[in-house]
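A.B. asks: My questions all concern the structure below.
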Amino acid sequence: MKFQDYNFIPPLKRNLDQQGFSRPTDIQFKSIPPILRGEDVLAVAQTGTGKTAAFAIPAIQILSTRNVIEEQFAIRCLVMEPTHELAMQVAGVMQELMKGTGLKVMGLHGGVKQDPQIDELRKGVDVLVATPGRMFDLASQGFISFNKVEILVLDEADHMLELGFIHDIRQLVKRIPRRRQTLFFSATINEQIKKIAYGLVQNTAVRIQISPKDPVSRNIDHAVAFVEMDHKRFFLEYFIKENPESKMLVFVRTRVRAERVAKAMERVDISCQTIHGDKEQEERSQAMKHFREGTNKVLIATDVSARGIDIPNVEMVINYDLPDEPENYVHRVGRTGRGKRRGIAISFCSSTERETLEIIETYLDKPISIMDINPEEYEATIDFSEAAEHDWKSLLKEQDSKEKSKPRKNKKKKK
């Protein structure tokens, strides 16, 4: 079935065609009909499968075909996002799909001055895509009214319903109309989060799961390189120099570590940028802009950039540090292999991270392939002046032979 076969309003059909939406993906095909019927939906699908459009398209159709009594600062659809970057991205997608419909969308987040945001709200907004902090701040000042909310969307629902956000979400639910439509979308979800989600809906939600046993896109090739902590920067240097034209997203555990890795790359004449929570919003936006446009090929990030961000043509994701939670591995590697494109995910695993790797493999329900380490190949590429104290070639040979001799078994999931 093609999007042009749906009974959508003409402007929406035109926008879908102009944006290259020809046929719905699986998650879109299964989500759009129940949303159009006004049902609550809990949808879980792999990263890169089009979840944003799965709720944006029917929401635009619904809002365009309903009469509404205008009220100052009132919004009709509220989309909650965990990060600034996601709020801006989703608002941008919806803006493109809304052209010619008469609807207005606004991305709302902190880190910028509030006066221009208040001016925009005063002019009238149909869809508000927001992070909780700034939204509640402006609501407390009387610049946002929840009285007319018809649709509530929790994007990255598992994260939005975790301890850090659940209090805000429960407060929000108390303030919006009971007669509303509630939509949950995420790439991962567990039983506890699912229970919380069902507790927030008025009726039984339609549950949609696409490839629930394999949370990661099949378009991604996974590999692990067993590298000790002190040597990871040399391997990163190798991968970047071997793939100078590739757009590469490198994930590290902490903000401080992101800056240290960036400085290590700069010392060997590798240009890169960082993005994390200590950066001002303008700096984060600039770093993301440069990475999207390709003027910067290497972006070093903490998990603030793992959730839902759709960056075109990311060829390689490198887990410089393994994530503490297996769900975050899914979100990280999901930045590559999106849509029909293939991608590569490489994880650097030190001896202290072996247990974490096993937990990730158990979550994926399959082992990750071990990379062959060729000492001569690395030696020809890397500047070893900083590693003169190591017998690098012997280290690599010893490491490689040890890992190949180890039996690798996945642990059973703990219930």
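The values are calculated or read from the model by the stated rules, or taken from the named source; none is laboratory data. In this text the structure is predicted, and so the values were computed from the model without any measurement. Please note: Cβ atoms are built from the backbone with ideal geometry, for glycine as well, and neighbour counts cover all protein chains shown.
A.B. asks: Taking the stretch 283-311 as the region of interest, how many residues are touching a residue at least 24 places away in the same chain (Cβ under 8 Å) and either surrounded by fewer than 20 Cβ atoms within 10 Å (Cβ to Cβ) or under 16 Å from residue 335 (Cα atoms) (or both)?
C.D. replies: 20
A.B. asks: For the stretch 1-12, enumerate the residues that are crowded, with 18+ Cβ neighbours inside 10 Å and either free of Cβ contacts under 8 Å to residues at least 24 places away in the same chain or not in a loop (DSSP other than H, G, I, E, B) (or both).
C.D. replies: Within the stretch 1-12, 3, 12 qualify.
A.B. asks: Residue by residue through the stretch 69-88, note down the ones that are surrounded by fewer than 22 Cβ atoms within 10 Å (Cβ to Cβ) and not aliphatic (A, V, I, L, M).
C.D. replies: 70, 71, 72, 73, 76, 83
A.B. asks: Follow-up question, since we're still on this one. Inside the stretch 221-248, can you point out the residues that are without any contact (Cβ under 8 Å) to a residue 60 or more places away in the chain and polar (S, T, N, Q)?
C.D. replies: Selection gives nothing.
To keep it simple, each residue is scored yes or no on (1) within 15 Å of the chain's Cα centre (by Cα); (2) closer than 27 Å to residue 111 by Cα.
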{"site": "269", "(1), (2)": "no, no"}
{"site": "274", "(1), (2)": "no, yes"}
{"site": "278", "(1), (2)": "no, yes"}
{"site": "290", "(1), (2)": "no, yes"}
{"site": "295", "(1), (2)": "no, yes"}
{"site": "302", "(1), (2)": "yes, yes"}
{"site": "310", "(1), (2)": "yes, yes"}
{"site": "323", "(1), (2)": "yes, yes"}
{"site": "337", "(1), (2)": "yes, no"}
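A.B. asks: Could you please give the count of residues in the stretch 331-345 that are among the hydrophobic types (A, V, I, L, M, F, W, C) and surrounded by fewer than 23 Cβ atoms within 10 Å (Cβ to Cβ)?
C.D. replies: 1
A.B. asks: Right, here's the next one. All but one of (1) buried (at least 19 other Cβ atoms within 10 Å of the Cβ); (2) within 21 Å of residue 329 (Cα to Cα) hold for residue 228; state the number of the condition that does not hold.
C.D. replies: (1)
A.B. asks: When you scan the stretch 167-189, do you find a residue that is small (Gly, Ala, Ser), under 22 Å from residue 363 (Cβ atoms) and touching a residue at least 60 places away in the same chain (Cβ under 8 Å), even just one?
C.D. replies: yes
A.B. asks: Taking the condition of being aliphatic (A, V, I, L, M) and under 16 Å from residue 63 (Cα atoms), how many residues in the stretch 1-43 meet it? Reasoning before the result, please.
C.D. replies: Step one: list which residues in the stretch 1-43 are aliphatic (A, V, I, L, M), which gives 1, 9, 12, 16, 27, 32, 35-36, 41-43.
Checking the rest, the ones that are also under 16 Å from residue 63 (Cα atoms) come to 9, 12, 32, 35-36.
Selection size over the stretch 1-43: 5.
A.B. asks: Kindly provide the set of residues from the stretch 238-257 that are crowded, with 22+ Cβ neighbours inside 10 Å and either among the aromatic types (Phe, Trp, Tyr) or out of contact with any Phe, Trp or Tyr (no Cβ under 9 Å at 6 or more places or on another chain) (or both), ordered by number.
C.D. replies: Hits for the stretch 238-257 are 240, 251.
A.B. asks: Let me confirm something: among 110, 100, which residue is under 19 Å from the mean Cα position of the chain (by Cα) and in a loop (DSSP other than H, G, I, E, B)?
C.D. replies: 110
Matching residues to (1) modelled with pLDDT under 90; (2) part of a helix (DSSP H, G or I); (3) not assigned by TED's automatic domain parsing to the domain that holds residue 79:
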{"site": "147", "(1), (2), (3)": "no, no, no"}
{"site": "153", "(1), (2), (3)": "no, no, no"}
{"site": "164", "(1), (2), (3)": "yes, yes, no"}
{"site": "178", "(1), (2), (3)": "yes, no, no"}
